[in-house]
1. Does VAL138 qualify as being at pLDDT below 95 and closer than 17 Å to PHE51 by Cα?
2. Among the candidates GLY111, GLY135, which residue alone is surrounded by fewer than 21 Cβ atoms within 10 Å (Cβ to Cβ) and small (Gly, Ala, Ser)?
Amino acid sequence: MKIFSLAAAAAAVALLAPLGAAAPAQAAGPVPFTIHEQIILGPNGPVSETFTAEGPLCPSGTFVDTGQAGPGPGQGPDHSGKVQLIVRSVYTCDGGSGTFNALKELIGTIGPDGIASTGPIQLLGGTGAFTDLRGHGVDTGSIDFGTGTATATDTGVVVRR
């Protein structure tokens, strides 16, 4: 009878051990990220677009933005000095680990010296290590007309990688 109890206990442990090991991996929650963007502007648009990142993304690289004026009243500056922009970004990692894509829906406020903008960002897959990347957060940025530079900081969480 004692042998049966030990065998049953060993079998139960053997069957439940994989579940215990899998539980922490499945329970892993969102991981914070931060992207710092630096843009040098020229007369015909960006001359240089670079980034550094913290969190589960690559540490640095370059990116390319494709923007368009948003739908409806956001098609250019309205009477309040605001503009809505839809920006698609492709980030290319310096280390060759892949690329990742972002979609930003920004509201910019136009002032005498530049534009300040903010809005949601979504991380939407890519290539290499970032094929299944999904995340979301907030983009906050500015354009300085005097220096011809723009900066932005994107903060949020990666929910799948």
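The values are calculated or read from the model by the stated rules, or taken from the named source; none is laboratory data. This is a predicted model, so every value here is computed, not measured. Virtual Cβ from ideal backbone geometry, glycine too; neighbours counted across all protein chains shown.
1. no
2. So the residue among GLY111, GLY135 that is surrounded by fewer than 21 Cβ atoms within 10 Å (Cβ to Cβ) and small (Gly, Ala, Ser) is GLY111.
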